[in-house]
1. Which residues, counting only those in the range 80-96, are in a helix (DSSP H, G or I) and open to solvent by 90 Å² or more (accessible area, probe 1.4 Å)?
2. One residue is enough: does the range 17-38 have a residue meeting the conditions of a type outside the set (D, E, K, R), open to solvent by 100 Å² or more (accessible area, probe 1.4 Å) and at pLDDT 80 or above?
Amino acid sequence: MPLRKPPGKRLSSDSGVEPDRGALPQERDQRPGLSQKKKDQRIALFLSDFDQQAKEQIQEMNKELDSLLQTAEKAFAVELLRMPPAMRKMKRKDLL
């Protein structure tokens with residue numbers, strides 16, 4: 001059975017934002033109560049947090065890369081063991 005809206009209930013088309021006002025102040029310098037020193041501190045804090053998150057993501061990617069390399073090396077070792085010993089000792093030039 002499909003869900004239906006109760007009769008008589010309509011969604012409002014009003015977004016709640018006044019037409020002459022945007023979501024952000026028109027000029028960034030008019031934010032009350034923030035001195036230049038506070039702004040600089042907030043920017044420095046944001047940048048240090050950004051750098052920390054980037055370092056963490058790089059570490060995670062390096063761990064994933066190491067894991068993938070180990071998996072590939074293990075698969076390669078298994079495939080080498082499946083080959084006959086004479087073929088393993090053969091030079092590539094002779095094989096081709």
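The values are calculated or read from the model by the stated rules, or taken from the named source; none is laboratory data. The structure displayed is predicted, hence computed values, not measured ones. Areas reflect the complete protein model, heavy atoms only, side chains present, ligands, DNA and RNA absent. Shrake-Rupley method; radii C 1.70, N 1.55, O 1.52, S 1.80 Å.
1. Answer for the range 80-96, where residues must be in a helix (DSSP H, G or I) and open to solvent by 90 Å² or more (accessible area, probe 1.4 Å): 81, 82, 88, 89, 92, 93, 94, 95.
2. So the first thing to find is which residues in the range 17-38 are of a type outside the set (D, E, K, R), and the list is 17, 19, 22-26, 30, 32-36.
Those left that are additionally open to solvent by 100 Å² or more (accessible area, probe 1.4 Å): 19, 23-24, 26, 30, 32, 36.
Next cut, at pLDDT 80 or above only: 36.
Among the residues of the range 17-38, at least one is of a type outside the set (D, E, K, R), open to solvent by 100 Å² or more (accessible area, probe 1.4 Å) and at pLDDT 80 or above, which makes the answer yes.
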